[in-house]
Amino acid sequence: MNNKPLIMLVDDNKIDLFIHSEVIKKTPFNAAIISFNFAGDALTYLENNEETKWPQVIMLDIHMPIMNGFDFLDKYEKLPERLRKKCLVVMVSSSLNTDDLKKAKTNSEVAAFLEKPLNSEKFVSLLSSFLSDSLT
Amino acid sequence: MTEKIKILYVDDEKNNLVSFQSYYRKEYDVRIAASVPEALKVLEEAEMNIIISDQNMPEITGVEFLEQTIRLRPNAVRMLITGQSDLGVVIEAINRGQITKFVQKPWEWEKLSLAIENCALLYRSRAELRQKNKELQKANDELNKFVYSLSHDLRSPLMSILGIVHLAKTNKDAFAEKNYFDLIESCVSKLDSFIRNIIEYYKNSRGEEINESIDFKLLGEGVFDLLRNQDQGMAFYTEIEQNTPFFGDTLRLKVILNNLVSNAIKYQNASAENRFVKMKITVLKNEVHISVSDNGIGILEKHIENIFKLFFRTENSQDKDGTGIGLYIVKEALEKIGGTIKVTSAPMVGSSFDLVIPNKIQTS
């Protein structure tokens, strides 16, 4: 069995996708990364893949076109629970809108909220317990 | 003309009612009621601006009645007429009945008229205040939305830059460094174009209208030259006909054309053959007709009425980095110079923005 954790990045901003994947590469989790530019594509991936290919963590942006982070979550919560319970959703945004923050914090699917820019320290301190099995 | 003030007068003495109504019917919209139930019925059916009541009535006192009307018509101004000169009644009237004026019976017309005029004035200024408050509330809501959208759009490229800087600090690889600079550069241009948009909007909303002679060939070609290199594969057609002098606001026209043409480029249909944007300008003695058309992705019927709203973005426009400001600026600029705009569009066929702008030649 592959014990490399899989991390899914969802962000409309390609530069932020790049930054996040670079940041995560620097962490000791030895994670594999899949990036999605559109939330809809990320959802399709989740719908069409079974447990072995599901990510352990989803880093989800809030402000995205067509389907924003909250729209994504509305659809996400309809996916099978047995898959969702092994997956952590972390919202990542540069938003200073307190309504966004409130909405993220009260959503039962959201494990945490991280402010952009993402850095390795933030990522490690949040996920070390969750991903510790895969620490090498 | 302002609407007549609506007065309801309640009194169990019919003679008072009749003489009151005939005296004031020209100046005010007067309704009368001979009993409290009758008066309440009137109030339930219609908005009344001033409610006048006699104090001594068989059912309940005037003060009690006026107190009841507060819940029903909170915005009305209340007035009590009484034969008693009991101070207790006056105090009760002011405290319980929110009564503004107090007139003694039998009344002198002059005093009564003055009291009613005061009430009318009070009603009108309160109404104005309520209206102003409503407008302020709306402006405030819009400002809130504006500030949040603005702060997000300004902050997100900055946070990207900060993220790249953090990466660069820990990564000394020369090849990566070049990549970081490119990324920072693209964030900076994005931020800059957003700020330019905002400034354009601000200038437009503040600036006075300017009147100068305009050469549309120069103006139209100038706009195209500025935007042409955004897409080398797109054809730019102009059809400009000017045989008569035109006076108008060059800056605003430039802003309008810039926005329309850059939208045509932004919302092009990548799969269409012969992608084009066409600017057709016909200058007439009294006005200029400008049409900017394209064979782009078009606009869905349901969105057309909303596209000029601030921060409105369709699914497509978000995808294409639209800021939701461009067409709002176009609309605001057009309003300043007295122009009109009409949009015709069909999805995946194209859009056409047709403008008519008055020639200010006579006034200059």
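We did not get these values from a lab; they are worked out from the coordinates using the rules stated. Quick caveat: nothing in here was measured; it's all calculated off a predicted structure. No Cβ is skipped: glycine too gets one built from the backbone with ideal geometry, and neighbour counts run over all protein chains shown.
Quick notes
- Summing Lys and Arg as +1 and Asp and Glu as -1 over all other residues whose Cβ lies under 14 Å from the Cβ of residue B:167 gives a net charge of +1.
- Acute angle (nearest 10 degrees) that the helix B:174-206 long axis makes with the longest principal axis of chain B, alpha-carbon atoms: 40 degrees
- Span from the the range B:1-42 Cα centroid across to the the range B:177-201 one, whole angstrom: 68 Å
- The C-alpha atoms of chain B define a longest principal axis, and helix B:36-45 lies at about 10 degrees to it.
- Prolate/oblate/rounded label for chain A (Cα gyration tensor, a/c 1.5): rounded
- Distance distribution P(r), the range B:133-206, all Cα-Cα pairs, bin width 10 angstrom from 0: 17, 33, 24, 15, 8, 2 percent.
- Lysines with Cα under 25 Å of residue B:342, excluding same-chain neighbours fewer than 8 positions away: B:203, B:217, B:254, B:266, B:278, B:280, B:285, B:302, B:309, B:320, B:331, B:360
- Karplus-derived 3J(HN,Hα) values for the range B:273-283, using 6.51 cos²θ - 1.76 cosθ + 1.60 with θ = phi - 60°, are 7, 6, 4, 9, 10, 10, 10, 10, 10, 10, 8 Hz; glycine and proline are entered as x.
- Eligible aspartates and glutamates near residue A:116 by straight Cα distance, threshold 17 Å, same-chain separation 8 or greater: A:11, A:12, A:16, A:22, A:61, A:99, A:100, B:153
- For residue B:238, the amide hydrogen comes within under 5 Å of the amide hydrogens of B:279, counting only partners 5 or more places away or on other chains and with H modelled in the peptide plane.
- Using only alpha carbons, the protein assembly as shown has a radius of gyration to Kirkwood radius ratio (Rg to Rh) of 1.17.
- Close amide-amide hydrogen proximity is noted between residue B:57 and B:62, each under 5 Å apart and 5 or more residues distant or on a separate chain (H modeled in the peptide plane; Pro and chain starts excluded).
- With K and R counted +1 and D and E -1, the other residues having a Cβ less than 9 Å from that of residue B:5 yield a net charge of 0.
- Selection from B:166, B:32, B:66, by position along the positive dipole direction of chain B (Cβ): B:166
- Here's how it looks for residue A:35: its modeled amide H is under 5 Å from those of A:9, which are all 5 or more places away or on a different chain.
- The mean number of partner chain beta-carbon atoms within 10 angstrom of a residue's beta-carbon across peptide B:66-75 is 0.
- Whole-Hz ³J(HN,Hα) from phi, Karplus 6.51 cos²θ - 1.76 cosθ + 1.60, for the range B:339-352, glycine and proline x: x, 10, 9, 10, 10, 10, 7, 9, x, 6, 10, x, 10, 9
- Legend: residue pairs A:122/B:178; A:75/B:169; A:4/B:172, Cα-Cα distance threshold 32 Å; pairs beyond threshold, A:75/B:169.
- Cβ-derived FRET efficiency at R0 30 Å, residue A:101 paired with residue A:79, nearest 0.05: 0.75
- Computed from Cα positions, the angle between helix B:62-72 and the longest principal axis of chain B comes to roughly 20 degrees.
- What the phi angles of the range A:103-119 give under the Karplus curve with 6.51, -1.76 and 1.60, with θ = phi - 60°, is a coupling list of 4, 5, 6, 8, 7, 5, 7, 8, 7, 6, 10, 10, 8, 6, x, 6, 10 Hz, glycine and proline written as x.
- Magnitude of the charge dipole, the range B:133-206, Cβ model with Lys/Arg +1 and Asp/Glu -1, debye to 20: 180 debye
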